[in-house]
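Have a look at the structure below, then the notes.
The values are calculated or read from the model by the stated rules, or taken from the named source; none is laboratory data. Remember, predicted model here, so these are calculated numbers, not experimental data. Cβ placement follows ideal geometry from the backbone for every residue including glycine, while neighbour counts extend to all protein chains displayed. Just so you know, the surface numbers come from the protein's heavy atoms only, side chains and all, with ligands and any DNA or RNA stripped out. Shrake-Rupley method; radii C 1.70, N 1.55, O 1.52, S 1.80 Å.
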Amino acid sequence: MAKPIFKQAEFFITVKSADKILKAVYPEIAFLGRSNVGKSSLINALLGKKNLALTSSSPGKTRGINYFLVDKKYFFVDLPGYGFAKISKAERIKWQNLIESYLLKSKLLKILCLLIDSRREEFMESDLQMIDWLQYHEKPFIILLTKTDKLSKNKMAHTLKKYQDYFPDNHVLPFSIKDKKLIMDTALFLKKFLT
Ligand code: GTP
Ligand code: MG
């Protein structure tokens, strides 16, 4: 069996207010996207752990910013999901502010991964707003199209091309927690940004 790219991982801390954000401790990879898109599942898959980041089939599972310490020298950062209808407006604004503070404050953020569900035919308004914000603040990001196991090969190729055409300057990668090769390819790709 191929050697894992990331060998060791543990939960580090949950941060729920902007003043507690870790500004510059270890080089970081952050995962951003709508609630239920698969951020926590992807982190577990990349780290070869089943339940390190808590996942759920109902949206809104991850509250706060969860830092995972990887190989004692990197952070994987699981950000709260946005676009989740079943929370109050006040709470939605709170999480959005926390996400924005994180993105503005983290000095060692090496690569930001924006996750989008590969089954979506149309862009979601909340994703477009997030992307506008990232572009306005000149925050580079890559796009990970999640849950590709739910698509046919043809459909996946079509979706990849659609996103790549729409975002010619961003890397776009397919991902599924059920596909060992995609997990390995993604881990390898992300690791490059940490060295
Ligand atoms: P929040 O914490 O609410 O923001 O959600 P999240 O983005 O962390 O999503 P999470 O990882 O909890 O996954 C949501 C649901 O999607 C769970 O039921 C997962 O099992 C499922 N899921 C995640 N990734 C995949 C995938 O690649 N393929 C399939 N088929 N299901 C997936
Ligand atoms: Mg989550």
**Filtered residues of the range 113-126 (kept if at pLDDT 95 or above and either β-branched (Val, Ile, Thr) or away from ligand 2 (no atom under 16 Å from the Cβ) (or both))** = 116, 118, 119
**Item:** In the range 165-179, the residues that are surrounded by fewer than 17 Cβ atoms within 10 Å (Cβ to Cβ) and either within 22 Å of residue 53 (Cβ to Cβ) or in contact with a His (Cβ under 9 Å, 6 or more places away or on another chain) (or both)
**Value:** 178, 179
**Complete:** Among residues of the range 41-66 being within 21 Å of residue 101 (Cα to Cα) and crowded, with 22+ Cβ neighbours inside 10 Å, the residue nearest to ligand 2 (Cβ to nearest atom) is 62
**Enumeration of residues in the range 66-102 that are within 16 Å of ligand 1 (Cβ to nearest atom) and assigned to a strand (DSSP E or B)** = 66, 67, 68, 76, 77, 78, 82
**Message:** Which condition from (1) farther than 20 Å from residue 25 by Cβ; (2) under 13 Å from the mean Cα position of the chain (by Cα) is the one that residue 111 breaks?
**Reply:** (1)
**Request:** Just name the residue that is modelled with the lowest pLDDT out of those in the range 53-98 that are at positive phi and touching a Phe, Trp or Tyr at 6+ places or on another chain (Cβ under 9 Å).
**Result:** 60
**Request:** Give me the pairs, please: first residue somewhere in the range 34-46 and farther than 12 Å from residue 177 by Cα, second residue anywhere and open to solvent by 20 Å² or more (accessible area, probe 1.4 Å) and in a helix (DSSP H, G or I), beta-carbon distance under 7 Å, and either six or more positions apart or on two chains.
**Result:** 34/126
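For (1) open to solvent by 20 Å² or more (accessible area, probe 1.4 Å); (2) in contact with a Lys or Arg (Cβ under 9 Å, 6 or more places away or on another chain); (3) under 25 Å from residue 85 (Cα atoms), each residue gets a yes or a no:
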| residue | (1), (2), (3) |
| --- | --- |
| 122 | yes, no, yes |
| 126 | yes, yes, yes |
| 130 | no, yes, yes |
| 135 | yes, no, yes |
| 152 | yes, no, no |
| 155 | yes, yes, no |
| 158 | yes, no, no |
| 187 | no, no, no |
| 193 | yes, yes, no |
